[in-house]
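Some notes on the structure that comes next.
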Amino acid sequence: MARDFSRTKRVADQIQRDLAVLIQQEVKDPRVGLVTLNAVKVSKDLSYADVYYTCMSLDDAADAKKESRKILAGAAGFLRSLLAKEMNLRVVPELRFHYDELLGEGHKMTTLINQAVQSDTKASDESENSDGEKA
């Protein structure tokens, strides 16, 4: 029976906690903006860590995504060396940053659901009014 909380999950959680602090305190580039780490997935052999993030920036959203990914990818080696000092691992996973599109998609879905509910409400109100006029 597999354990509920495997070693890779524990390592991923620790990387997420430490990396969030390191990005906030050590990455001095103002173009990055406010970075939020949503998830970290570590490979079974602990060689790679896929870091999913979102960022809030004052710039255009599309440009901000590209710029933040470029900056974080450039700082990956630096952040990995700082993680090695913090964590007690023989080999620290290589960091791969991915912009998390999930929040944007969630916002789009919420907007679509709200529009559908409004149109259904409007249609039911119109049908009630037409039924009330006939009676």
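The values are calculated or read from the model by the stated rules, or taken from the named source; none is laboratory data. All figures in this text were calculated on a predicted structure; none of them were measured in a lab. So basically every Cβ, Gly included, is an ideal-geometry build from the backbone, and we count neighbours across all protein chains shown.
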Kindly check whether there is at least one residue in the range 39-52 that is of a type in the set (D, E, K, R), touching an Asp or Glu at 6+ places or on another chain (Cβ under 6 Å), surrounded by 10 or more Cβ atoms within 10 Å (Cβ to Cβ) and in the same structural domain as residue 19 (by TED's automatic domain parsing).
-> yes
Of all the residues that make up the range 86-120, how many are of a type in the set (Lys, Arg) and either within 17 Å of the chain's Cα centre (by Cα) or surrounded by 10 or more Cβ atoms within 10 Å (Cβ to Cβ) (or both)?
-> 2
Using the structure shown, decide if residue 26 is surrounded by 14 or more Cβ atoms within 10 Å (Cβ to Cβ), of a type in the set (Asp, Glu) and modelled with pLDDT under 95.
-> no
Unmet requirement for residue 110, which otherwise passes all of (1) in the same structural domain as residue 53 (by TED's automatic domain parsing); (2) β-branched (Val, Ile, Thr); (3) under 22 Å from residue 54 (Cβ atoms) = (1)
